[in-house]
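A quick write-up on the structure given underneath.
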C-alpha cells in the first residue's frame, strides 16, 4: 500500500506543480474534508460496533470501514481522482487474519488514471520549467549588465539606444515576474489563505502587463527601424509616441483583462482560462503585435536587399548575400519574429511543441538581444575599450602600458551619408 500511495503522491505533486498552488489548495481542502467525514464515521462506528477483525482507517486517499475476517470491502475511487479522470470505478480490500490486503485492482486500472503517462507529462513540464528558468536568469543578468553599460556612457545616449533600453527593461521585468509567478503558483511553501490568493492575483496582473509590454516594445523596435529606413524624421520627436505604444497600450489591455477576470472568470489565481473573453483581451493584442512586427520584418528585409544592391555599397554578390543573411538573422530576436511560428496554433500539432518552443527559446531571447545589440555592438565595444585604456593609463604601470598601446580608430564612429546606410552598417557589423 505504501508503494501505491507513493506513486500516486509523486504523480499528483508533479501534476499540481504544473497546475499551480491554488489547484493544490483545492485538492488539499477536499482531502481534509474527506478525512474529517471518514474519522467522524469511524468514531461513531467504533463507539457502537466494536468487534474483532480489521479496524477502519483513513489511508490518505480512501476511507475504509471496519470489517470481519474474510469480508471484502469495496469503495468508489477517491473523490480527488475526478479532477483527472471521469471513469467510474471501485477499489476493494480483503480483511484477513493478518489485516487488510493491498487494494485491488490497482488505482490506475480501476479509476482510469494513467499514472505512468501523467508522470512522463509532468516530467516534461518540470524539465521545461527548469530550462526557461535558466533562460530568464541568464537574460536577467545579461540585460541588467547591458542596461548599465548603455546608461553609463554618455556617447551611447541616443534615441536608438533609448528604445533598446526600454526593450531591455521590459525583458528584465518580464523575467522577474515570470520567476515571481512561478514561486507564487508552484512553491511548496504557499499557504491556502485569502491573503496568498490576493497576492498571487496581483503578481499575475503585473505578469500579464509586462508580457504584453515586452511584445509592444518589440513592435516599437520594428516601427523605429522601418521608419528609419523609409523616411527622414526627427528621432526625438516621436520618442514620446514610442513610450505610449510600449507602456501605454499594455496598460489599457491589462486593466481590461483584470476587469473581465473579476466579473467573468474569478477563479483561483487567474492562472487558468475557463472563459474566452478574458483570454482574448490579452492574447488578441499580443497576436496583433506579432503579425504587424512580422510584416515590418518582411518590409525591412526587402529594403535591406535594395540597399545592398545599390552602387554606394560595394562588394561581390557573395559578400552582399552574407551581409543580408547576417542582418536578417540579427533582426529575428530583436523583432520577435519567431513567435509567428505558433501565432495561429494548429490543432493537429501537439501542445508540447508550442510550450517547449515558446517558453524555452523565448526565455533566452533577452539574452540574445543583450549580447547582439549591446556587447557585440561596435560603438559599445569602442567605449568599453576606451574606458579600459583610461583605467590602465591611470595605474602605476602607465609607462609600460603606453609601449603596447594600439589605436582604436575605425571602431564604430564613422558616419554615413544617409540614415539607411548608417543603420545597415550598424546591423552588419555586430558580429
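Readers should treat all values here as calculations from the given coordinates under stated rules, not as data from a laboratory. The structure presented is a predicted model; accordingly, all values stated were derived computationally and were not measured. As a convention, Cβ positions derive from the backbone with ideal geometry for all residues, glycine included, and neighbour counts pool all protein chains shown.
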Linear extension gain, residue 37 paired with residue 148, 0.36 nm per residue minus alpha-carbon span: 34.0 nm
Packing-based exposure ordering (other Cβ within 10 Å, fewest first) of 64, 280: 280, 64
Chain lengthening between residue 79 and residue 157 when straightened (0.36 nm per residue, less Cα-Cα): 21.9 nm
Spacing of the two label points (7 Å from each Cα toward its C-beta) at residue 134 and residue 386, in nm: 3.8
Sorted by Cβ neighbour density within 10 Å, fewest at the top, the residues 212, 254, 145: 145, 254, 212
Per-q log10 I(q)/I(0), segment 253-295, q = 0.22, 0.34 Å⁻¹ (Debye; single scatterer per alpha-carbon; no solvent): -0.68, -1.17
Likely footprinting exposure, 282, 80, fewest C-beta neighbours within 10 Å first: 80, 282
Inter-label distance, nm, simple model (7 Å from Cα along the C-beta direction), residue 30/residue 126: 2.2
